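**Student:** Quick one: the structure is below, and I'll ask about it shortly.
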Amino acid sequence: MAQVVITNVSKMYRMYAVPSDRLKEMASLGRRVYHRDFWALRDISFQVGRGETYGIIGPNGSGKSTLLEILTGILQPTTGRARATGRVAALLDLGAGFNPEFTGRENIFMNGEIMGLARAEVERSFPRIAEFAEIGDFIEQPMKTYSTGMWVRLAFAAAIHVDPDVLVVDEALAVGDAIFANRCVRKFGELKARGVTVVLVSHDLALVKMICDRAMLLWEGRTEAEGEPGEVVNRYNGMVLDRQRVFERGVRNAEGGMPDTPHSALRTPHLEFSFRHGDRAAEVLQVELYGAGGRPTRVVASGENVRVRVLARFAERHPNPVVGVMIRTRIGMEVYGTNTMLEQIHCGGGETLEPGDLLEVNFEFPCSLTPQEYTLTVATQQPDGSSHDWLDDVLSFQVLDTRPTAGVANLRARVTARRISDCGLRIAD
């Protein structure tokens, strides 16, 4: 029996050019229309059985979050019906249901009450929640002091330990580090074994293929594909690659060139990372990934030539610094790494770098990886390996391909086959 049933669900919003048009329309008593209809969802139907994990993928703005909000009762559909049987635990918004002024412990008990649990039940579950979240003594601190990663770890731990029948998750794992993501993957397996139904929205296509039984591709509010996760992901990859090629052709025609930002116009945007350490004798200012078209990208076709550009500024005199990069999978497995010392490149062209000097290092290579999400780590170091500035997971990127491939390396094998006749060949039984 299906625990989640979505039947012909559509959601329409009225879009007004300016806020005053809403008042004008109300005053006209329906005689004049000042809005246009925007359909966020169109005739969506699917069912998810007990113990099944169902993935929903698609680009931003395709209606994924709207669909989950309808499933959990936050929004009402314009047409159609959504039903989930049993206790539903949802992790849709990092801030939903938690009071930043309360401690982690207080929020866990408040969340349990919202879910209809007795205080004794929450008390029994609390040690497991605290252990899974692994935020240490911060469990007794106000949540307004938490980092984003700590917040999502506690929210996810609280959601899965209320013994739900249905768990609805909207991209909540994207801000977690590799250790937490790996822990969540194992937890999804435990939930499945217990018969918990999971509906998961994620941009991590490798995660969808890894844990989902079925998947659906939403595109501009409509179901574009549904079925086996690998096939749905491949369909999505093909559509994204086609759109990316069209975009890059348009940009090239409009700009006629794609130069890097000159050092004289240097800007130092805020860098995101999961962990940073080093003595800051040199500081990484910019990290960017460029595709074959020469523009910054976060979507790469398997086998496409890419370039990683690292820009660093030195605070101290340095005769020969080392700059390196590392590519990891979403769950932290190291795939490829190199640095200027391994490549026998002398940074600065043999001259000592002085305080205030900028150093640009480019790593170019064919991105021979299989389709999934990867992270890029960069570092400036001493030749002995001690770090000046090390930034883990400073950016993430998606590798796409229209053909499925196992593992993480796409070696692009040339395969031949021929039928041969028995020319005296003796094969032992």
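**Student:** Failed condition for Arg128, given (1) of a type in the set (Lys, Arg); (2) surrounded by fewer than 21 Cβ atoms within 10 Å (Cβ to Cβ); (3) within 21 Å of the chain's Cα centre (by Cα), with all others met?
**Tutor:** Here Arg128 meets the rest and fails (3).
**Student:** Mind telling me which of the residues Ala174, Ala90 ends up being modelled with pLDDT under 85 and under 17 Å from the mean Cα position of the chain (by Cα)?
**Tutor:** Working: Ala90 fails: under 17 Å from the mean Cα position of the chain (by Cα).
Matching residue, one of Ala174, Ala90: Ala174.
**Student:** So how many residues does the range 17-48 have that are in a strand (DSSP E or B) and exposed (fewer than 15 other Cβ atoms within 10 Å of the Cβ)?
**Tutor:** 6
**Student:** Kindly check whether there is at least one residue in the range 351-361 that is in a strand (DSSP E or B) and over 19 Å from Leu311 (Cα atoms).
**Tutor:** Checked against the condition, which is being in a strand (DSSP E or B) and over 19 Å from Leu311 (Cα atoms), the range 351-361 yields no hits at all.
**Student:** Inside the range 208-227, can you point out the residues that are outside any strand (DSSP E or B) and either touching a Gly at 6+ places or on another chain (Cβ under 8 Å) or among the acidic types (Asp, Glu) (or both)?
**Tutor:** Across the range 208-227, the qualifying residues are Val208, Lys209, Ile211, Cys212, Asp213, Glu220, Gly221.
**Student:** Something else: Return the pair list, or none, for Cβ contacts closer than 6 Å from residues in the range 210-238 that are in the same structural domain as Tyr54 (by TED's automatic domain parsing) and within 22 Å of Ser10 (Cβ to Cβ) to residues that are of a type outside the set (D, E, K, R) and in a loop (DSSP other than H, G, I, E, B), at least 6 apart or on different chains.
**Tutor:** Within 6 Å, the pairs are Leu217/Gly58; Leu218/Gly58; Leu218/Ser62; Leu218/Gly63; Trp219/Gly58; Trp219/Ser62; Gly221/Gly63.
**Student:** Within the range 290-305, take every residue that is among the aliphatic types (A, V, I, L, M) and buried (at least 20 other Cβ atoms within 10 Å of the Cβ) and give me the one that is nearest to Asn234 (Cα to Cα).
**Tutor:** The selected residue is Ala301.
**Student:** Just one of Asn107, Asn99 is under 12 Å from Ala155 (Cα atoms), among the polar types (S, T, N, Q) and surrounded by 19 or more Cβ atoms within 10 Å (Cβ to Cβ); which is it? Break it down stepwise before answering.
**Tutor:** Working: Asn99 fails: surrounded by 19 or more Cβ atoms within 10 Å (Cβ to Cβ).
Result of the check over Asn107, Asn99: Asn107.
Table: residues versus (1) farther than 25 Å from Val185 by Cα; (2) among the charged types (D, E, K, R); (3) not assigned by TED's automatic domain parsing to the domain that holds Ala159.
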position	(1), (2), (3)
Asp43	yes, yes, no
Ile56	no, no, no
Gly63	no, no, no
Ile70	yes, no, no
Thr79	yes, no, no
Arg83	yes, yes, no
Leu92	no, no, no
Ile108	no, no, no
Gly112	no, no, no
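**Student:** Does any residue of the range 314-337 turn out to be modelled with pLDDT under 90 and of a type in the set (Gly, Ala, Ser)?
**Tutor:** Yes.
**Student:** Say whether the condition of being closer than 24 Å to Val233 by Cβ and of a type in the set (A, V, I, L, M, F, W, C) is met by at least one residue in the range 336-357. Give the derivation first.
**Tutor:** Start the filter on the range 336-357 by keeping residues that are closer than 24 Å to Val233 by Cβ, which leaves 336.
Those left that are additionally of a type in the set (A, V, I, L, M, F, W, C): none.
Checking the range 336-357: not a single residue is closer than 24 Å to Val233 by Cβ and of a type in the set (A, V, I, L, M, F, W, C).
**Student:** Can you tell me which residues in the range 99-144 are farther than 26 Å from Thr72 by Cα, of a type in the set (Val, Ile, Thr) and at pLDDT below 90?
**Tutor:** Ile135
**Student:** Ok, one more. Name, by its number, the condition in (1) within 21 Å of Val169 (Cα to Cα); (2) touching a residue at least 12 places away in the same chain (Cβ under 8 Å) that does not hold for Thr103.
**Tutor:** (1)
**Student:** Would you mind finding the one in Ile56, Ile70 that is part of a helix (DSSP H, G or I), in contact with a Lys or Arg (Cβ under 7 Å, 6 or more places away or on another chain) and in contact (Cβ under 8 Å) with a residue 40 or more places away in the chain?
**Tutor:** Numbers: Ile56 fails: part of a helix (DSSP H, G or I).
Just one listed residue meets the conditions, Ile70.
**Student:** Kindly list, by first and then second residue, each pair from a residue in the range 110-129 that is more than 15 Å from Ala90 (Cβ to Cβ) to a residue that is at pLDDT 90 or above, limited to pairs with Cβ atoms under 7 Å and residues at least 6 apart or on different chains.
**Tutor:** Met110/Phe102; Arg119/Phe109; Val122/Ile108; Val122/Phe109; Phe126/Ile108; Ile129/Ile108
The values are calculated or read from the model by the stated rules, or taken from the named source; none is laboratory data. Just so it is clear, the model here is predicted, and its values are computed rather than measured. Counting neighbours? That spans all protein chains shown, and the Cβs are built from the backbone with ideal geometry, glycine included.
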